[in-house]
Each structure stands twice: as C-alpha cells, then as structure tokens.
Amino acid sequence: MLDQPIHYGAATATSSHVLTMRRIWFFTVVGLTIAGLVWLACIALSPGGFSVVDFILVVMFAVTLPWVVIGFWNAMIGFLLMRFSPDPVAAVTPAAGRIHDNEPITASTAILLCIRNEPPDRTLAFIKPLLEGLVVLGVGNRFHIYVLSDTSDPAIAAAEDKEIATFAAAWRDKIPITYRRRTNNAGFKAGNIRDFCDRWGRDHEFAVVLDADSVMMAPAVLRLVRLMQVDPQIGITQSLVIGRPSTSAFARVFQFGMRLAMRSYTLGSAWWQGDCGPYWGHNAILRLAPFMAHCELPPLPDNALIGGHVLSHDQIEAVLMRRAGWEVRVLAEEGESFEQNPPTLLEFIRRDLRWCQGNMQYWHFLQLPNIKPVSRYQLGFAILMFIGSPAWIGLLLLGTAALLSAESPQDFIRADAAVPALIIVLVMWFSPKWATVLDVLTRPELRRQFGGTPLFLLGALAETIFAQLLAPIMWFGHTMFLVRLLIGRTIGWTAQVRSDHMVPVLIAFRQLWPQTLLGVGSIGVLAATVPEAIPYALFIAAGPLLSVPLAIVTSLPGVGRAMVRLGICGLPEEISKPAGLAGLPQ
C-alpha cells in the first residue's frame, strides 16, 4: 500500500551536506526572483490605487512564475556546468564518472517494449537496431526482450501475433523474445508493467522500459546497465531522451527546441535534485526488486479529484522509489536514446491533454507520508505546469477587460514597470534554449554538427517564433480541458498517430475554433478600443489567432521535405546519421 511504513536498509542513500546546501541556495534564489517579479507587477498595476482586479491579476501572474523562474535558474546552472565543468554529467551523477564503458555485463536485464494498438511492423523496426547491437557486442545472452501488448483492436492484435512470432523465431538463437497481450488493460501502462513484474520480474535484476516510439542503441542501454551495476543504491536511472530526426515540419521545429532546452535544463536540475531525479517512464532502467516492492500503484479512490488508475504513473513511481531509500538519477547526456515526437499540432495536443489529466491526479499523492521534500516539490511542480495555463489565459482576458474599463491605459498600468517585467519573463522563458545556443555557438565542433552557424541560428530563430505561438495554444487547450475535468469528463489511454500526415482544413478548424475565437476576439476588441495595447496582447493572443494555419502548414509534407532539404532545424543525427537510425519509418 502507498501508506505502508518504509524500512530503510543498507542501500538507503543519505543526503550530503553539499546537496542540501545546493537545494537551500536554489530555492532561495527562486523565491527572491519570484518575489521581485511580483513586486514589479504590483508597481505596474499601481496607478489609481490597488483594486481587487489588480490583486487578482497579480495572483494570476504569480501562479505563472514558478515554471518560468525555475527553468531560468536550472538553465543558468546547466550553462555554467557546460562551460566550466570538465565532466558535467559526472558532476551531477557521480556514478557516471566511475564507469568506462568496458565493464563486463553481469546482470540479467529485461527490455520491456510497451505497446497499445500500434502497427507491429513499426514497433519491431524500432527495436531491431538495439537487438543487432547487443548481439554484435556479444552480450545478447544477458538480455531478454518482452513485448508487452495492451492492444485492444482485433485486427492489430492478429497482426501482432503473426509478425512478432516471426520476429521472435528469427532471433531465437541470439536473444530470447517473449510476447504477451493482456485482454484486461487495467492500470494502463503502469498495470502493463506490473503484470510483467508479477510474472517474470524475479527472473531479472534490471528492466529497461521502452515506449512504442522509443529507439535506443546498444551502447546507450549498456551504459545504463553499467551505471546500475556500479552503484547499488540507484533504483531508477533516466536517460536523456532526444527527438529522432523527422520529416514532419511540426516535429522538426518542436524537437529542435527540446534538444536545446533539455541539455541545460536537465544538467541544472540534476545539480540540485541529485538523488531525487526525474523518471519519464521510458528510455530508462529500473532495479526490479525495489520497484516491485515499493512502486505499485493501486487505483485512486472515488473521492480523489480524478479517481481510477493513474495515467502519469512515472513520476509517482520515482517518488515511491526515493521514499523507500533508493536513489533516482538522470544521465544528463545526449546519447543514442531517441523518441518520436507527434507529427502534427493536433496529435501533440492530444498527447498533452493525457499528461494534463495524469498530472492532476498528483493532488492525491501530495498527501503521501514520508516522501522527500524534493519529491513533494516535483509533484507540485508537475501540477503547476498545467495550473499555470488558466492563469496565463486569465491575464489576457481580465487584463483586457480592466484596460477597457480604465479611462486611459496610463490609468490602468505603468509602462515603465510593465515593459521590464515582460522582457524579464521572456528572457527567463527562453533561457533554457538560449543557454544551449550560446554554448553551441562557442564550440566549432558543435556548430558543425548542427549544420553550421547560419543554419543553426536560422533554426533557433524559427523555433523561437514557433514556441511563442505554440505555448498560448496549449494554455487555452489546458484551460478548457481542466474545466471539463472539473465536471467529470476524463480521457483514457489511446494510441497515437505517429506517422507523418496532413491536417485537413476542416479538421483543424473543428479542433481549434475555440483558440481562434479567443485570438480574434481579444485582438479585435483591442483594435477597436486600445490599439496601442495590441503588441503586448500578442504575447498571448498571437498563437490562438494563428492556430489553424499553424496546424495546417506544419503538417504539409512539402514544408517538411523543404526543411529537410535546406537543413532547417536539423539535428546532429541528420548531419552524421547513426547506422541504427537509417531506414527507420517516419
């Protein structure tokens, strides 16, 4: 049970004084930064006194700040590590500095491929490079592949049975492959893995968890295994996952930005989180004995905010693993660990709303006893990631209404305080990406890996504009979805459309007309009343206003092909493509 007492044993990791001081320093500077920005907002809204509306606007602004400010300080720490540490990865994950990538593989490791209603030919194509690499390196006998299917579509299930049986037979003498399909999909992915644990978990020491779109090369998997072998206190190690080269325009721009942001952000957060690291649910390795003993997730009770099985299971499992005295670490390096990002805006929204529902279930787990302070922060931070969205939309709507009710803009807001606050927020917002941009620009080899300085800067500019448009679209989508959650309308775990495809105009408008209405309405009202406020409103309103054309244009095959041909938003894996990625389906 989740509230059972934990018996700490010899493997329990104790917090060092240095790590404690890092956390105190980090939250101090974060708190001071948020306080300074809130103070600046109060000054900006001070003309004519401080009204109830002004107070609500300041509260909304404060709710948006933790995500922005924490991202900024993580990026600053990460940038300093990238620039001045001889081994940034070992600086935040000490065990990484104790392996040399030639230690013998002694542990038995299960590789869990979790699928649901996925085309089996794509799934098998993605895992084939890993199997080939393990065999070539002579360690195939230390691994066992488990294809864990929750497929409910009869036609796909029949194809799975046939294709996986043929695939397993071809690899029979090299790496064992076990295929299991559940007819009862209780617990979603967490239940799928729990079923594996109950059946076969005691046969293996470790388990590498893969999603249907995961691609990991053998050296990346072996590095995770060696890390777990060298440090018996680690319960989970999460690899840094990067986007696989894509021909979809949407995916290319999105994952270019993620590639930049994740490097500085993850290093910075790992510097102070230490043994309370993240777990993203895939491309990671688990120590099975403590995972089975401490990380089971029963359904939430009916009186929970959102009852039933937990969708976003991964971070809860990390919290439970840490509560039991085992470390959770992140290997913050760009290795051969890939994922496939959604190819269109509509698919991206669909995936994000599932995460939104799952993160809202974390309210229940905030009450868990004996969890670490950093673990409690991680749950709260995951909730704030989506709670901040209604606050951003509220700032647009209530701010516009307050501006219209004032006799003049100067009677509502002071530009000498509001403009600096906006600039500071924008700088902080983009700092995780810009930190990596600066690092790349100062390293000739990295610039070459991204196609050279002009292409790299063009990609960074395109992604900055794209991110500025995308974020408000998601904010409004989260806001509408949270309202639906409050009235009991939830979603389940559905299969994603991962292959490139075009978004028809009618479908784009049908899905995004609320965002379009928000953008047209807010800009239209300001154009008729206070047009000088439009440039500031576009910070939030531009994305919703352009959501339909953005969804259509970024899904067009011709746009994606042109970006590939010109090298715009290209990744290093496109310039020098690893052999294992060649020929994989998009």
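The values are calculated or read from the model by the stated rules, or taken from the named source; none is laboratory data. Just so it is clear, the model here is predicted, and its values are computed rather than measured. Glycine gets a Cβ as well: all are built from the backbone with ideal geometry, and neighbour counts include every protein chain shown.
Counting only residues that are more than 12 Å from residue 339 (Cα to Cα), modelled with pLDDT under 95 and part of a strand (DSSP E or B), the range 197-256 holds 0 of them. For residue 451, the criteria (1) farther than 18 Å from residue 353 by Cα; (2) without any contact (Cβ under 8 Å) to a residue 24 or more places away in the chain hold in every case but one, which is (2). Within the range 96-123, the residues that satisfy the criterion of being surrounded by fewer than 21 Cβ atoms within 10 Å (Cβ to Cβ) and among the hydrophobic types (A, V, I, L, M, F, W, C) are 99, 105, 107. Under the condition of being without any contact (Cβ under 8 Å) to a residue 60 or more places away in the chain and β-branched (Val, Ile, Thr), the residues counted in the range 305-315 number 0. Annotation: of all residues in the range 20-46 being surrounded by fewer than 17 Cβ atoms within 10 Å (Cβ to Cβ) and in contact with an Asp or Glu (Cβ under 9 Å, 6 or more places away or on another chain), the one that is modelled with the lowest pLDDT is 46.
Which one is nearest to the chain's Cα centre (by Cα) among residues in the range 375-411 that are among the small types (Gly, Ala, Ser) and more than 16 Å from residue 540 (Cβ to Cβ)?
Only one residue fits best here, namely 382.
Listed here are the helices (runs of 4 or more DSSP H) enclosed by the range 292-379 that have at least 3 residues being aromatic (Phe, Trp, Tyr) and either out of contact with any strand residue (DSSP E or B) (no Cβ under 8 Å at 6 or more places or on another chain) or at pLDDT below 90 (or both): 362-365. Within the set of pairs 6+ apart or on separate chains, which have a first residue in the range 288-304 that is under 27 Å from residue 204 (Cβ atoms) and aliphatic (A, V, I, L, M), a second that is crowded, with 17+ Cβ neighbours inside 10 Å and at pLDDT 85 or above, and C-beta atoms under 6 Å apart? Partner pairs satisfying both residue conditions: 288/201; 288/204; 288/207; 292/197; 292/201; 297/190; 297/310; 297/313.
Restricting 527, 542, 551, 537 to residues that are surrounded by fewer than 18 Cβ atoms within 10 Å (Cβ to Cβ) and assigned to a helix (DSSP H, G or I) narrows the list to 527.
Do we find that residue 152 is free of Cβ contacts under 8 Å to residues at least 40 places away in the same chain and among the hydroxyl-bearing types (Ser, Thr, Tyr) in this structure? Let's see the steps before the verdict.
Details: free of Cβ contacts under 8 Å to residues at least 40 places away in the same chain: yes; among the hydroxyl-bearing types (Ser, Thr, Tyr): yes.
So residue 152 passes the test.
Restricting attention to the range 143-170, the residues that are within 14 Å of residue 111 (Cβ to Cβ), touching a helix residue (DSSP H, G or I) at 6+ places or on another chain (Cβ under 8 Å) and of a type outside the set (Val, Ile, Thr) add up to 5.
Quick one: would you say residue 201 is closer than 26 Å to residue 371 by Cα, surrounded by 24 or more Cβ atoms within 10 Å (Cβ to Cβ) and of a type outside the set (A, V, I, L, M, F, W, C)? Give the derivation first.
Numbers: closer than 26 Å to residue 371 by Cα: yes; surrounded by 24 or more Cβ atoms within 10 Å (Cβ to Cβ): no; of a type outside the set (A, V, I, L, M, F, W, C): yes.
It is false that residue 201 is closer than 26 Å to residue 371 by Cα, surrounded by 24 or more Cβ atoms within 10 Å (Cβ to Cβ) and of a type outside the set (A, V, I, L, M, F, W, C).
The residue that is surrounded by the fewest Cβ atoms within 10 Å (Cβ to Cβ), among those in the range 124-148 that are within 26 Å of the chain's Cα centre (by Cα) and not in a helix (DSSP H, G or I), is 146.
Give the residues of the range 438-468 that are assigned to a helix (DSSP H, G or I) and either under 20 Å from residue 67 (Cβ atoms) or of a type in the set (Gly, Ala, Ser) (or both), sorted by residue number. Even if it seems obvious, please write down each step before you answer.
Here is the first cut: in the range 438-468, the residues assigned to a helix (DSSP H, G or I) are 438-441, 444-449, 453-468.
Correct list: 459, 460, 462, 463, 464, 466, 467, 468.
Of the residues that make up the range 283-306, is at least one under 15 Å from the mean Cα position of the chain (by Cα) and buried (at least 21 other Cβ atoms within 10 Å of the Cβ)? Checked against the condition, which is being under 15 Å from the mean Cα position of the chain (by Cα) and buried (at least 21 other Cβ atoms within 10 Å of the Cβ), the range 283-306 yields at least one hit. Across the range 248-290, the number of residues qualifying as among the β-branched types (Val, Ile, Thr) and within 14 Å of residue 466 (Cβ to Cβ) comes to 1.
On the basis of being in contact with a helix residue (DSSP H, G or I) (Cβ under 9 Å, 6 or more places away or on another chain) and closer than 30 Å to residue 514 by Cβ, does residue 436 make the cut? In short, no. The single condition from (1) touching a Lys or Arg at 6+ places or on another chain (Cβ under 8 Å); (2) more than 30 Å from residue 150 (Cβ to Cβ) that residue 457 fails is (1). Looking at the range 554-583 only, could you name the residues that are among the basic types (Lys, Arg) and not in a helix (DSSP H, G or I)? Within the range 554-583, 577 is the sole residue that qualifies.
If you filter the range 252-274 down to residues that are touching a Ser or Thr at 6+ places or on another chain (Cβ under 6 Å) and of a type outside the set (D, E, K, R), you find that the one that is surrounded by the fewest Cβ atoms within 10 Å (Cβ to Cβ) is 260. Selection of the range 500-524 for residues being charged (D, E, K, R) and not in a helix (DSSP H, G or I) yields only 500.
Would you confirm whether or not the range 469-482 contains a residue that is assigned to a loop (DSSP other than H, G, I, E, B), closer than 30 Å to residue 569 by Cα, under 27 Å from the mean Cα position of the chain (by Cα) and touching a residue at least 24 places away in the same chain (Cβ under 8 Å)? Break it down into steps so the answer makes sense when it comes.
Let us first name the residues in the range 469-482 that are assigned to a loop (DSSP other than H, G, I, E, B), namely none.
No, that holds for no residue.
Restricting attention to the range 389-431, the residues being within 15 Å of residue 529 (Cα to Cα) and not in a helix (DSSP H, G or I) number 3. Residues of the range 48-91 being over 23 Å from residue 275 (Cβ atoms) and not in a helix (DSSP H, G or I), which ones? Once the filter is applied, which keeps residues that are over 23 Å from residue 275 (Cβ atoms) and not in a helix (DSSP H, G or I), the range 48-91 yields 48, 49, 50, 51.
Here is a yes/no grid of residues against (1) at pLDDT below 95; (2) small (Gly, Ala, Ser):
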| position | (1), (2) |
| --- | --- |
| 459 | no, yes |
| 465 | no, no |
| 471 | no, yes |
| 487 | yes, no |
| 499 | yes, yes |
| 520 | no, no |
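Give the range 227-256 a look and list any residue that's among the charged types (D, E, K, R) and over 28 Å from residue 575 (Cβ atoms), or say none. 231 - this is the single residue of the range 227-256 that is among the charged types (D, E, K, R) and over 28 Å from residue 575 (Cβ atoms).
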